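First up is the structure itself, then whatever we jot down about it.
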Amino acid sequence: NAPPLTKILHKALREKSTDQYKLFQESLKAAPLATLRDLLDIKSDRKPISVDEVEPVEAIMAKFCTGGMSLGALSRESHETLAIAMNRIGAKSNSGEGGEDDVRFKKLSDVDEEGNSPTYPHLRGLKNGDLATSKIKQIASGRFGVTAEYLMSASQIEIKLAQGAKPGEGGQLPGQKIDKYIASLRASKPGVTLISPPPHHDIYSIEDLAQLIYDCHQINPNAKVSVKLVAGSGIGTIAAGVAKANADVIQVSGHDGGTGASPLSSIKHAGVPWELGLTEVHKTLYENKLRDQVLLRVDGGMKTGWDVVLAALMGGEEYGFGTIAMIAEGCIMARICHTNNCPVGVATQKEALRKKFPGTPEAVVNYFEFVGTEVRQVLAHLGYSKLSDLVGRGDLLAPRPDAKPTKTTHLDLDFITSVPDTKSDRSWVHEEKTQGVHGNGAVLDDNILADKDVISAIEGAKELKKEFDIVNTDRSVGARVAGVIAKKWGNSGFATEGGKLHLVFKGSAGQSFGAFTVPGTIMEVVGEVNDYVGKGIHGGSIVLRPPAESPFKAEDNVILGNTALYGATGGNLYANGKAGERFCVRNSRCRAVCEGTGDHALEYMTGGVVVVLGETGRNVGAGMTGGLAYILEEKEGSFEPRLNKEIVNMQRVHTKAGEDQLKTLIEEHVAMTGSAKGKRVLENWSEYLPKFWQLVPPAEAKTPEASDQVLEGAEAEQPVKA
């Protein structure tokens, strides 16, 4: 990706010049040996055939994807241009982490003769019928723009377990890249740096991953679920677990490439080549009779059709392009993505620089047509008519005789070339369009949606209250209902039009109850709930209370499990009882009340308001960069040792706005749950108010609730009603 090569490719794409693309290919071949695949050649077992006998370029391009590059890391212009181009050729773009504007879910119909559209005034070279949505939507850390409507717009939902370019680190977006538009999509604050810690902070076991896969299948049963793994030793074992966890696609991500936001220290000297990771995954899955369960995708420094064919021979069925796709739309490899100063507007949010963006969808289409055409030529030379016939045929790989690296002359390539014999057994090979979507089987949501009253209420935005029994094997209850509502009404249309669906469940709810709940919905449990309640909630309310006849005191007993409100972007939760660990982890905008928590409450919060009417565990507020919290301290001096003071400050409630916010939430809590403790606090308000600590991260320090000296423009958290 050196600048001279970049210039050659730009000229080839701009002029659609085959000669210039050949020069680009030759320049790459003449470059110093840099990757494991540079040491390999292909020895076919067939005679060459005519290119006319090879499958069309459209069939090959349909197997291409772009990397998971977020809007925020990339500019709006470059992100949308990639999506439009990939949709034109029947391929898939990847949203990356950070949400997507709902205007992108609709096809264009207002393009003039010059290729301009009022819908996208900042783009050029458009056509009527263009679609700017990304077929692959990342759920990543479950927040930053993840809503029911976003997930329902996906053809595929990607869970990012790691990034190949910087394994062991999460997503990073510097504050200077977060303008008002980016912040609105991510439900965050402009100028405040966003960090998604490594996914192993959330997915501690294969069971946790299996639950997230289940959640994704639950809300959108028509979307495949992909899991992105980083190439590394032992990846085969992990991939076997992912396949058993019901994923549809596994992506193996190599160390080559980078991101549009990360510091150089994160991506230098990190990761492993995808050649090793892909080979290990393919071998392990095949030998354990799991290869037919998943489609394998690979990415990391792909540039040419030759790379694609080599990846196919090692087991890849789809092929991801990251940096090179950015180059196709104008990137000049200035290597200053993380500074927000990209000189050609590809990886910056500065308006003056974005106006210099030179890219068009046509240039990106031209690049992928060149790559697809090269694949056809290689296939013809090898004597094969379809790329899928070469998938997993590592027996055709051989060391390249003229490749003699100076420092690694004794490198053993047997790991790549000695693969299972799949020449005679091709039953496991997938064609993406014919591969079905794995399902969750029979679920409670299907029974709910089979109820004529429920469907009538959803279709007509009516009011309805309905009761159902629930047991702890009923998981992700409400997610599919939320998906159906979002598909019909978007994120908020159901409530706006007057709809109010109140579903009451009696019993013990399984994991992820109320996941992705949307405005206009009340999900109530009379009993108890398990882990992950309210995952990704965007609106409405979740109400948890014990049965009225319960003999125990609700405030002394746990009513919900761990990791509640993971990635919440709105709505309310009222729990008449204690919560487990990591309450409100990654909460972006939800308002929540409970009567005690376990360890690590409020972890990585970026917004919302939380009231805890009881004791907490240790390490409260770790990584909390936004939102406010009110903690009731009934035993003097007991709370401060439990607070993580690295970011947040603690203070007494000393503003009228703060008192009003706290009291309003407790009043709502009592009204929704009948909480005895909430009533006691309200009835003795003057006694209890001085016992509350208010937790204030720096981003909230000048809001009306936290300070008497309010900065101009500082806004309070707005309540999101059911």
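Converting phi to 3J(HN,Hα) with the Karplus coefficients 6.51, -1.76 and 1.60 and the offset θ = phi - 60°, segment 410-422 yields 9, 5, 9, 9, 4, 4, 8, 7, 8, 10, x, 6, 10 Hz in sequence order, with x at every glycine or proline.
The P(r) of segment 332-392 has a tail past 19 Å containing 55 percent of all C-alpha pairs. Per atom type, segment 34-108 shows carbon and sulfur on 49% of its accessible surface, probed at 1.4 Å.
By DSSP, the beta bridges lying fully in segment 579-722 are antiparallel in about 45 percent of cases.
Shown in residue order for segment 317-334 are the 3J(HN,Hα) couplings computed by the Karplus curve 6.51 cos²θ - 1.76 cosθ + 1.60 at θ = phi - 60°: 10, 9, 9, x, 10, x, 4, 5, 5, 5, 4, 4, 9, x, 4, 10, 6, 6 Hz (x for Gly and Pro). Judged by the mean number of other Cβ atoms found within 10 Å, the most tightly packed of the peptides 591-602, 92-103 leads the ranking 591-602, 92-103. An oblate overall shape is assigned to segment 308-456, the ratio a/c of its alpha-carbon gyration tensor axes (a ≥ b ≥ c) being 1.5 or greater and a/b not exceeding b/c.
Across the chain, Cα pairs under 8 Å and at least six residues apart give a relative contact order of 11 percent.
In the structure displayed, which of 466/487; 350/656; 11/160; 160/386; 43/92; 177/488 lie more than 28 Å apart, Cα to Cα? Beyond 28 Å between Cα atoms: 350/656; 11/160; 160/386; 43/92; 177/488.
Sorting 308-316, 560-568, 666-674, 13-21 by average packing, meaning the other beta carbons within 10 Å per residue, from highest down gives 560-568, 308-316, 666-674, 13-21. Remark: spin-label model distance residue 469-residue 550 equals 2.0 nm, labels positioned 7 Å along the Cα→Cβ axis.
For segment 344-421, trypsin sites (Lys or Arg not before Pro) are listed when DSSP marks them as loop and at most 16 other Cβ atoms sit within 10 Å of their Cβ; the list is 350, 355, 356, 386, 407.
Roughly what % of DSSP beta bridges within the chain run antiparallel, to the nearest 5?
15 percent
For the chain, what is the mean residue ellipticity at 222 nm derived from helices alone (per DSSP H run of n ≥ 4: -39500 (n - 2.57); sum divided by total residues; nearest 500 deg cm²/dmol)?
-8000 deg cm²/dmol
Here is the tail figure for the chain: Cα pairs spaced more than 37 Å apart come to 41 percent of all pairs. Expressed as a whole percent, the accessible area of segment 374-495 that falls on carbon and sulfur atoms is 49 (1.4 Å probe). Rolling a 1.4 Å probe over the protein chains gives residue 425 an accessible area of about 50 Å². Between segment 637-689 and segment 1-58, the alpha-carbon centres lie 64 Å apart.
Taking all protein chains together and rolling a 1.4 Å probe, residue 484 ends up with roughly 50 Å² accessible. For segment 544-559, the Karplus equation 6.51 cos²θ - 1.76 cosθ + 1.60, evaluated at θ = phi - 60°, returns couplings of 10, 8, x, x, 4, 7, 4, x, 8, 7, 4, 5, 9, 10, 7, 10 Hz by residue, with Gly and Pro reported as x. Placing unit charges on the Cβ atoms only, positive for Lys and Arg and negative for Asp and Glu, gives segment 642-701 a dipole magnitude near 240 debye about its Cα centre. When segment 1-141 is described by a simple charge dipole with +1 on each Lys and Arg Cβ and -1 on each Asp and Glu Cβ, the residue from 40, 5, 89 located farthest towards its positive end is 40.
Cross-link partners of residue 702 among aspartates and glutamates, defined as those whose alpha carbon lies under 19 angstrom from its own and excluding same-chain residues fewer than eight positions apart: 646, 659, 660, 712, 715, 717.
Each of 609, 639, 673 was scored by the projection of its Cα onto the charge dipole of segment 584-722, and the greatest displacement toward the positive side belongs to 673; charges sit on the C-beta of Lys, Arg, Asp and Glu.
Peptides 183-195, 48-60 ranked from most to least packed by the mean count of surrounding Cβ atoms within 10 Å: 183-195, 48-60. On segment 638-709, 48 percent of the accessible area sits on carbon and sulfur atoms, based on a 1.4 Å probe.
Charge dipole of segment 559-605 (Cα centre as origin; +1 on each Lys and Arg Cβ, -1 on each Asp and Glu Cβ, all else neutral): 180 debye, rounded to the nearest 20. The C-alpha atoms of the chain define a longest principal axis, and helix 361-382 lies at about 50 degrees to it. Taking amide H atoms as placed 1.01 Å from N in the peptide plane, the amide H of residue 302 lies under 5 Å from those of 322, each 5 or more residues away in sequence or on another chain. Zone of residue 333 (label point 7 Å along Cα→Cβ, backbone N under 19 Å): which residues in segment 56-82? 67, by backbone N distance to the label point. Positive contributions from Lys and Arg (+1) and negative ones from Asp and Glu (-1), summed over other residues with Cβ under 9 Å from the Cβ of residue 500, come out at +1.
For the chain, the per residue solvent-accessible surface stands at 38 Å², with DNA, RNA and ligands left out and a 1.4 Å probe.
Placing +1 at every Lys and Arg Cβ and -1 at every Asp and Glu Cβ, with all other atoms neutral, what dipole size does segment 483-537 have around its Cα centre, in debye to the nearest 20? Provide the component values of the computation, followed by the final result.
On the way: 5 positive and 4 negative charges, 40 e Å.
Taking the Cα centre of segment 483-537 as origin, the dipole is about 200 debye.
The values are calculated or read from the model by the stated rules, or taken from the named source; none is laboratory data. Keep in mind the model is a prediction, meaning the values are calculated, not measured. Because the Cβ atoms are built from the backbone with ideal geometry, glycine has one as well, and the counts that use them run over all protein chains shown. Quick note on the areas: whole protein, heavy atoms, side chains included, nothing else; ligands and nucleic acids left out. Shrake-Rupley method; radii C 1.70, N 1.55, O 1.52, S 1.80 Å.
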